[in-house]
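Colleague: Sharing a structure, written as structure tokens. Questions coming.
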Amino acid sequence: MRAPDILLSLLLAGLAAAFPFLVNAYWLHVMIIGMIYAIIAASWSLLAGFAGQFSFGHVAFVAIGGYTAGILAVSLHVPLPLGMLAGIVAAALIGAGVGWTCLRMSGPYLAIFTMAFSEVLRITIVTENEITGGPGGLNVPQLFHAQTDLPYYYLILALLVVSVVGMMLVLASRWGLFFRAIRENEQAAAAAGVKVTRFRILACAIASGVAGLAGGFYAPYIGILTPDVASQDQMGLVVAMAIVGGVETLPGVVAGAIAVEFMVEALRSYGQWRLVLFGLLLLLTMRFARNGLLAPGWLAIRRLAVLQGQRLIRGTAD
Amino acid sequence: MLDYFLIQSANGIVIGVIYALIATGLTIIFALLKIVNFAHGELYMMGGYFGYYVITLAGVPPLPAVVAAMAISFAFAVAIERGLLTPLYSPGMERKSDYGILITFGLAVFLRNIAIIIFGPFPLRPPSFFDGDLVLGGLIISYDRLVAAGGGLLILVLLIFFLNRTVWGQALNAVSQSRESASIVGINSERMYMFAFGLGGALAGGAGALVAPIYSLSPSMGLVPDTQAFVIVILGGLGSVSGSIIAGILLGLSENLFIAFLPDPNRGPSYANAFGLFIMMLVLLFRPTGIFGRHHAAME
Amino acid sequence: MTGEHTKRGSSGINGKRALPRRDVLALASAGAAATLPVFGRPARAAEPVKLGWVGPLSPPGGYAEGLLMKYASAMAADDINKQGGVLGRPIEILYQDTRGMAAEGTAAAERLCVQDKVAAIFGEFHSSVALAEMEVVHKYNVPFLACDVWSQEVTAKGYPQVFRNSITFPLLDVMIGDWIVAAGFKNAALLCEQDDIGLAWRKGVADVLTAHKTPFQLYTADPQATDFTAQVLRLKANNPPFDLFLVLYGEAGAYPMTRESHSLGFAPTANTALFVSGGEAVDPTFWKNVGKAGLWLICENVGLPKSAWNDKTKAFVAAFNAKYKTDPPGSAMEAYDAVWNLAEAIKNSGSTAPEAIIHGLETLHWVGTRGLYTYSTSKDPAWAYHQYMDAPESILQYNAQDQSSFDAPIVWPKKYATVPYLYKKPTA
């Protein structure tokens, strides 16, 4: 890590800790939702951006994590933290299964297969309403009995930091190298001795487990879980967040998710124009700033900061 | 019982032809541009509204209005292609399929929601092609459905003729197989991409205009055909026109029979969409590039 | 202005002034469009009374109904402001699209309560979303007057902040069930969309039919479905035959289903009656979509029947017609009256404080377009709490094509009925 990165990290940590005291409860709520999306988008980014598996069904694992925790809590009275843990495990296992199933698929076939998986799951949740609450929703008990969202905020902040740093460590390790090797050229990676099968499945399992974690937090936070968490619209939103942040840097994706969530909320007062504007913004970003807005922006700032710093040092030396 | 089976099958085939029409457009776009058009259902929706306004504002009779809707949809799709898809053709472009999915997804969100503002939220319905129903014993099919199926078949036949027997059609086919060799023989591949997206849009728009008197038009009408078209093109093999036609008709037929005969009538229709998706997932498991899929169609 | 907002809006996310120019432009437009007020502004003396409206304005929600309710709310605010507003202050309504999604409802309610600091919230169309919004208004103690949400849970939860001026399933289902028994139907098929509205409706009607020992069969289908051929043929082939086909679907599904059901000779026919529930059959483009298939169709109406109209109903219907070129459905009247209800409650208790509005609604005695409004404070049964118990509801059956729902004969209940029969069999 270079000096500007460390400085920024410290600054961000301070800002994150103080955030609830700088804004009102509404923007705190938006921030919490933004951080949930940040976890989902970052895990999708690990799978699609680094491991090269463009999944269009990633939100299914959010639903699996959420519904596992919710159903266990509602039907079997399992304590929520235990249920959330079970949700992560379930999402990771099913994710590994899906990863294994689509080992031979790539590109659009993989995207459509995963989309179909998530649609089938959504329709099943809708139809089996005796267990899932169906479209009317599953009422999930609260995690904290507090009047404010503060405990939720610090919990999701911790979860976000742990999961993103964890995924970054994975990506920085040999595993991450294998992921990228498979993405660039599967045959060549296999020839070089990378266990392609194992690492494709592993990438799926890690990403799905992290998505399941986000779902497990989302359920008790919103208090009502509806099948549209696994809708294609949600998937598109998650992908848009990752793209705006720049798929190839996880902190960029996190910033992208939070920025997009704030934007979508800020557009709220535009009524039926809101999604029109959102669609338009997505189109313009994709069309004219394909590498995302935030990561390139940060690089530019850093370059400028380094330059200024050098000039400053030179100035005092004179 | 046999009667019931035959009636349900006949209706399933009629629906299947319309599915096929939507799906062929999607597959042509994929064969040339190598992208999955997530806004295809929205092009279908727009085509329906184009037809509606050609009838109500310009006073064109319903059948010629379908042709007009296809022409407008063609122009509309070409405008979209020029505005949004040209980055796909630059040689330095990485991850074209991701770009294609995202840009068309954004387009779908945009079109679906602006349609509510432009066309209003309530369903609209153009006049029937012909009033009344065909009654043959126990079989009842409305003339609108017959016209939609007949018109759909006619368009599909013309399309196959066009693709195989005309210079432009063969040029499309050449570019879909190899862009480099096509350019060696002097085909301007970028013009072919533009043409393919326009053609795909025209087919979707024609389908929308044909079904308008049957299903009515609403801004969210593209949601279901979107997923169904994906199922069909995967079953038929991405890029294969004849595969899409066969798979479309088969899907229409099997969905209808699924609803008609599922033992649990309460759940059946809820799972109707999942049924097609499920079959598709099974097919992909055993043939990762679809039933009739050509291997070069897998992404580079 | 634009520059300032951009700076403020982006300062939280590592500052973007050093971005390439194109990106700055994109962000500036986003920021300007957003007018992101992170910090609340201090209130001024002559500020309007702010009310928040929540409801679906885009898919997957019921955006068609949402839009009509939004129109009617705006008309109410205009009418109130023309009369000098309330407590000398004008009414301002802030509209929030909730898309029929619970999480969107939570965010919308949070925004209205915390950010916009509205005096009260009204509206909504989807019960599952209203249930999520209720938790927020309960947390912040903001009065919430639910309009077109029919799930009994909304009022049964017993939150002091929550009121409802529409009917609720127990009232509607009992009425439909009583009519089915009185009209002598022997075997009913219930088909509904697989969503919160459809399932709650179905459960209620099924319970009533079970209590009356009337045989019935349940079916559900995807809310986005538009092709019902296979389903209708299956129903038609059922043995013993159905004599009543009850449907609850959104417009996009209900209209093609009505046409298909008619064209395949299932219902409405001499053998089988067709009942379309949920308000689709009184909406603006109904006849244009169903044509002759709508003749003899039966549906419920949650507006006041024409025979019972007062001056306010007449004035509202005329004004709505003049402005939007269509008859207002009952749900639009609910939204219109909701704004007036809140204004009256504020006026009577002389304050916009939550307790004052709640008290004002509990003691309300006011005639609107849907009759005399009073809110029950009894909790027996639980759903009666803060419910408009006399919410009008009736069943009508069209007897002419292109008939206005206002002119259609009312067959049930007896107190509103305009014809002696309970059900007229289609002829030929």
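Colleague: Taking θ as phi - 60°, what are the ³J(HN,Hα) couplings along segment C:394-401 by the Karplus curve (6.51, -1.76, 1.60), each to the nearest whole Hz, with x for Gly and Pro?
Modeller: 8, 10, 10, 9, 4, 10, 8, 6
Colleague: What is the mean number of Cβ atoms from other protein chains located within 10 Å of the Cβ atom of each residue in peptide C:96-104, rounded to a whole number?
Modeller: Average per residue, whole number: 6.
Colleague: In debye, nearest 20, what is the charge dipole magnitude of chain C about its Cα centre with +1 on Lys and Arg Cβ and -1 on Asp and Glu Cβ, if you could check?
Modeller: 700 debye
Colleague: Enter the angle in degrees (range 0 to 90, nearest 10) between the Cα long axis of helix B:272-286 and the first principal axis of the Cα atoms of chain B, meaning the one along which they spread out most.
Modeller: In chain B, helix B:272-286 runs at an angle near 40 degrees to the longest axis.
Colleague: What FRET efficiency comes out for the pair B:L285/C:A211, r = Cβ-Cβ distance, R0 = 35 Å, nearest 0.05?
Modeller: For R0 = 35 Å, the calculated efficiency reads 0.10.
Colleague: Sticking with this structure for a sec: Output wanted: per-residue J couplings in Hz (rounded whole) for segment C:72-85, from phi through Karplus 6.51 cos²θ - 1.76 cosθ + 1.60, θ = phi - 60°, x for Gly and Pro.
Modeller: With the stated coefficients, segment C:72-85 comes to 5, 4, 4, 4, 4, 4, 4, 4, 5, 5, 4, 8, x, x Hz.
Colleague: Can you tell me how chain A classifies by the Cα gyration tensor, rounded, prolate or oblate, using a/c under 1.5 as the rounded cut?
Modeller: Oblate, since a/c reaches 1.5 and b/c is not below a/b.
Colleague: Starting from the Cα of A:K195, draw a straight line to each of the lysines and keep only those under 27 Å, dropping any in the same chain fewer than 8 residues away.
Modeller: Counting by Cα, and skipping residues close in sequence, A:K195 has these lysines nearby: B:K96.
Colleague: So what's the net charge close to C:P256: Lys and Arg +1, Asp and Glu -1, counting the other residues with Cβ under 12 Å from its Cβ?
Modeller: Details: positive: B:R125, B:R145, C:R259; negative: B:D144, C:D227, C:E251, C:E260, C:E280.
Here the charged neighbours net out to -2.
Colleague: Would you mind giving the mean number of other chain beta-carbons within 10 Å of the Cβ of each residue in A:99-110, as a whole number?
Modeller: What the average comes to for A:99-110 is 6.
Colleague: Still on this structure, I have one more. Of B:Y52, B:A79, B:I141, whose Cα points farthest to the positive end of the dipole of chain B (charges on the beta-carbon: +1 Lys, Arg; -1 Asp, Glu; origin at the Cα centre)?
Modeller: It is B:A79, whose Cα lies furthest towards the positive end.
Colleague: Got a sec to turn the phi values of segment B:33-46 into Karplus ³J(HN,Hα) couplings, 6.51 cos²θ - 1.76 cosθ + 1.60 with θ = phi - 60°, whole Hz, x for Gly and Pro?
Modeller: 8, 6, 10, 8, 7, 6, 9, 5, x, 6, 5, 4, 4, 4
Colleague: Still on this structure, please answer the following. Taking the Cα centre of the protein assembly as shown as origin and charging only Cβ (+1 Lys, Arg; -1 Asp, Glu), how large is the dipole, in debye to the nearest 20? Walk me through the numbers before you get to the answer.
Modeller: Numbers: 69 positive and 69 negative charges, 512 e Å.
I would put it at about 2460 debye.
Colleague: Sort B:111-120, C:129-138, A:150-159 by packing, meaning the average of other beta carbons within 10 Å per residue, with the highest value first.
Modeller: Descending mean neighbour count gives C:129-138, B:111-120, A:150-159.
Colleague: Explain nothing, just the number: dipole magnitude of chain B about its Cα centre with +1 on each Lys and Arg Cβ and -1 on each Asp and Glu Cβ, in debye rounded to the nearest 20.
Modeller: With Lys and Arg at +1 and Asp and Glu at -1, about 440 debye.
Colleague: Highest mean first, what order results for B:3-12, C:103-112, B:203-212 on Cβ atoms within 10 Å? Numbers along the way, then the final one.
Modeller: Working: B:3-12: 18.2, C:103-112: 26.5, B:203-212: 31.6.
With the highest mean Cβ count within 10 Å placed first, the list reads B:203-212, C:103-112, B:3-12.
Colleague: Shielding of B:227-240 by partners, i.e. mean partner chain Cβ atoms within 10 Å per residue?
Modeller: 2
Colleague: Now, a different point. Starting with the highest mean, order A:278-287, C:195-204, C:75-84, A:35-44 by the number of other Cβ atoms within 10 Å, averaged over the residues of each peptide.
Modeller: So the peptides A:278-287, C:195-204, C:75-84, A:35-44, ranked by packing, come out A:35-44, C:195-204, A:278-287, C:75-84.
Colleague: For each pair in C:K157/C:K415; C:K157/C:K312; C:K312/C:K415, compute the distance between the two Cα atoms and list the pairs where it is over 23 Å.
Modeller: Check vs 23 Å cut-off fails for C:K157/C:K415; C:K157/C:K312.
Colleague: Based on C-alpha coordinates, I'd like the Rg and Dmax of the protein assembly as shown, in Å.
Modeller: Rg and Dmax of the protein assembly as shown, Cα atoms, are 28.9, 104 Å.
Colleague: Let me ask something else. Would you please give the residues with an amide H less than 5 Å from that of C:V86, counting only those at least 5 places away or on a separate chain, with H modeled from the backbone geometry?
Modeller: So C:V86 has HN proximity to C:I91.
Colleague: Here's something else I'd like to know. Which lysines have a Cα lying under 20 Å from the Cα of C:K414, excluding residues fewer than 8 positions away in the same chain?
Modeller: C:K306, C:K424, C:K425
Colleague: Summing -39500 (n - 2.57) over the DSSP H runs of n ≥ 4 in the protein assembly as shown and dividing by its residue number, what mean residue ellipticity at 222 nm do you reach, to the nearest 500 deg cm²/dmol?
Modeller: Details: 39 runs with 625 residues, N = 1046.
My calculation for the protein assembly as shown gives -20000 deg cm²/dmol from helical runs alone.
Colleague: Please report how far the C-alpha centroid of segment B:37-64 lies from that of segment A:238-261, rounded to the nearest whole angstrom.
Modeller: When both Cα centres are located, 37 Å separates them.
Colleague: Projected onto the charge dipole of the protein assembly as shown (+1 at Lys/Arg Cβ, -1 at Asp/Glu Cβ, origin at the Cα centre), which of A:F144, B:A204, A:G133 gives the Cα projection farthest towards the positive end?
Modeller: Checked the options; the winner is B:A204.
Colleague: Helix C:196-211 against the longest principal axis of chain C: what's the angle in degrees, Cα atoms only, rounded to the nearest 10?
Modeller: For helix C:196-211, the angle is close to 40 degrees.
Any read-out appearing in this document is the output of simple, stated calculations on the displayed coordinates, not a laboratory observation. Just so it is clear, the model here is predicted, and its values are computed rather than measured. Neighbour counts are summed over all protein chains in view; Cβ atoms, including those assigned to glycine, are modelled from backbone coordinates with ideal geometry.
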